[in-house]
1. Going through segment 126-176 one residue at a time, which ones are part of a loop (DSSP other than H, G, I, E, B) and of a type in the set (Lys, Arg)?
2. Among (1) assigned to a helix (DSSP H, G or I); (2) under 25 Å from the mean Cα position of the chain (by Cα); (3) under 20 Å from Gly255 (Cα atoms), there is one condition Gln374 misses while meeting the rest; what is its number?
3. Go through the residues of segment 80-90 one by one and say whether even a single one is at pLDDT 95 or above, in a strand (DSSP E or B) and not β-branched (Val, Ile, Thr).
4. Take Val14 and decide whether it is within 12 Å of the ligand (Cβ to nearest atom) and surrounded by 20 or more Cβ atoms within 10 Å (Cβ to Cβ).
5. If we scan segment 232-248, do we find a residue that is in contact with a Pro (Cβ under 9 Å, 6 or more places away or on another chain), β-branched (Val, Ile, Thr) and within 30 Å of Arg32 (Cα to Cα)?
6. Is it true that Thr7 is surrounded by fewer than 21 Cβ atoms within 10 Å (Cβ to Cβ), more than 10 Å from the ligand (Cβ to nearest atom), more than 27 Å from Thr150 (Cβ to Cβ) and not aliphatic (A, V, I, L, M)?
7. Which of (1) more than 9 Å from the ligand (Cβ to nearest atom); (2) closer than 27 Å to Ser359 by Cα; (3) of a type in the set (Lys, Arg) does Arg263 not meet, given it meets every other one?
8. In segment 51-74, what residues are away from the ligand (no atom under 16 Å from the Cβ) and not β-branched (Val, Ile, Thr)?
Amino acid sequence: MPEHVHTETDVVIVGAGLAGLVAAAELADAGRRVTIVDQEPETSLGGQAFWSLGGIFLVNSAEQRRLGVRDSYDLALQDWMGSAGFDRNEDTWPRRWAEAYVGWASGEKRAWLRAKGIRFFPIVGWAERGGYLATGHGNSVPRFHVTWGTGPGVLEPFVRRVRDAEHKGFVSFCFRHRVDELTLTGGTVDGVRGVILDASDVARGEASSRRIVGEFMIKAQAVIVTSGGIGANHELVRRNWPSSLGTPPKHMLSGVPEHVDGRMLAISEAAGAHVINADRMWHYVEGVRNWNPIWSRHGIRILPGPSSLWLDAFGERLPPPLFPGFDTLGTLAHLTRTGYDHSWFILTQRIIAREFALSGSEQNPDLTNRSWRQVLGRARGGHAPAPVEAFKQHGVDFIVERKLHDLVGRMNALVGEPLLDTQKVARVVIARDREIENDFTKDAQIMAIRNARRYIGDRLIRTAKPHRILDPDAGPLIAVRLSVVTKDVGRAGDRSLRPRTRGGRRAGLRPLRGRRGGRIRRRRHARLSRARGHVPRWMPLLGPCCRARGGGRRRVSSMVNDNCYHHRGTEGTENCIPLKRPARAGIKISRSSDCFLKLRLPRSAPMGRCERRTHIPRPSSQCRKVAQCNDLGVPLW
Ligand SMILES: Cc1cc2nc3c(=O)[nH]c(=O)nc-3n(C[C@H](O)[C@H](O)[C@H](O)COP(=O)(O)OP(=O)(O)OC[C@H]3O[C@@H](n4cnc5c(N)ncnc54)[C@H](O)[C@@H]3O)c2cc1C
């Protein structure tokens, strides 16, 4: 006899991944009753985020500055726009979202995450380096902040908050509940309907059964869909494949568990939601088959340093700037034109030891377990980190040989076709090696390697000293067959994914009412408007270094970005200097770099609690104009 469950709640959230958990935690804090439904068993709580590396986009962070990286809102936004290439009518909201997000990433984001207990590995990674002109695709500087504890470390504080709220009765979970429909009343979404799947004891990430044992319906004042992307649904990926990326590969690996099936998109559309940018997707080109798979077609992405030689299926070297880690989609578009699904890295043991990392929490046990001892043992004695060595030994895509001739022979054998000509591959490798000896090289990849090594983070752990690939001391030689690995490709809905009525009008959302009848959407709006970069009228402008005690010249660093938007400082802490009248306090402000004001305090500077706030009117977009709009009363430069 099938079970029929019918309940009511304030908010129902579809998906117990990171997005769902964050939404639930915030709602529970606001006193709402939340029900989270997920098709997977409880063991998979947290969804993809558990498997992720926890790489987080931050701009002008303390970690970057410690490594000598100068970043800013303007630079990050320029990079974002260069990569996004917004050119459609429906890009209005994505563009505004991008502006707000970059503003947040260069402002409160780091402090917000740190307040939740999230910490970062001190070396910032440099993903998607671009290699085009200033306004083209890519990150001009390293911005990939890996969470200490990787994906599980990101999840931890949110799981804790939601579990606490569960104990207090604000949150309830319905695992093995699959939503098949968003219910409508008078054009307004007012709940979800679906089926209950049988209990499952599969391990996290493994495919669970889809046997139906019952039905359910939940009515709510608001429905939030946080169902992840479409990466495990290759049919859907192919159906939406953009023409700019050529023909979709016949064979792809899955970078995400099977539950990332994209079903909720069609379900939301059926209820009138407006899904946009269905064809804007992101897949990695450096995928290898997992020798120890958890889900079907399980692929792992290599996070490569810049030195491996990249060849297409026929042994042609990829053109600049399609070097490892430079332009994923550009490389994908190039490779799909070859008619083959795979490409090759050729490298040395020295390169794999220094440059190969694998994406995913389980592939980085040192970072996931927060073990400095393991981190320090990463690349010792010319060996790659243990998970990379395991792939080299057991992975079907890895070939290790001493001689190039033997290597190419085995590459052909692995593909099952003699696509590679040994002489041709040798010519490519020798030509590249010849340029290594040349200080004024014209080889763009070697220039890029040298440029990468100017960044201390790369020099320390991510970019091998330039050497000849055929140098026997750097060997043995390694070839890696690379496939396309699908990722967390999702789509942005328009502003609120609010369904339309049949007439095309935007359907109403029932206002979410608090216990005393107050509308919580108003509060949310206040928070959103801040996130979108609207500058509040009153901003604290106090720096962390003002905590320094004792004599001498104390330095106060205060961040003022282009919007005068964020501050680094501990408002309300002891020993901060009220900066309302810095000139009177004898504070000299000098420009050390864009958007970075150094305040030098004389010994006599008054100390006190930083309760005062300094009014900063909105400046124009250029940081150097902060001087004109800053009412600190002192010339800044
Ligand atoms: C190996 C790996 C490495 C990654 N590395 C990074 C990184 O370094 N940095 C980064 O920013 N991102 C990274 N990501 C991506 C990031 O983890 C995801 O984008 C993010 O976790 C997605 O969270 P989500 O809550 O939106 O979706 P998900 O985690 O996919 O959660 C969605 C949930 O919805 C449920 N669901 C779906 N449909 C239904 C339905 N009809 N009924 C009920 N439940 C449903 C699913 O079961 C799932 O639990 C990585 C991902 C992977 C897999």
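The values are calculated or read from the model by the stated rules, or taken from the named source; none is laboratory data. In this text the structure is predicted, and so the values were computed from the model without any measurement. Here the Cβ is made from the backbone with ideal geometry for all residues, glycine too, and neighbour counts use every protein chain on show.
1. Arg129, Arg143, Lys168, Arg176
2. It is condition (3) that Gln374 fails.
3. no
4. yes
5. no
6. It is true that Thr7 is surrounded by fewer than 21 Cβ atoms within 10 Å (Cβ to Cβ), more than 10 Å from the ligand (Cβ to nearest atom), more than 27 Å from Thr150 (Cβ to Cβ) and not aliphatic (A, V, I, L, M).
7. All conditions pass for Arg263, except number (1).
8. Taking segment 51-74 first, the residues away from the ligand (no atom under 16 Å from the Cβ) are 60, 62, 64-74.
Scanning segment 51-74 gives Asn60, Ala62, Gln64, Arg65, Arg66, Leu67, Gly68, Arg70, Asp71, Ser72, Tyr73, Asp74.
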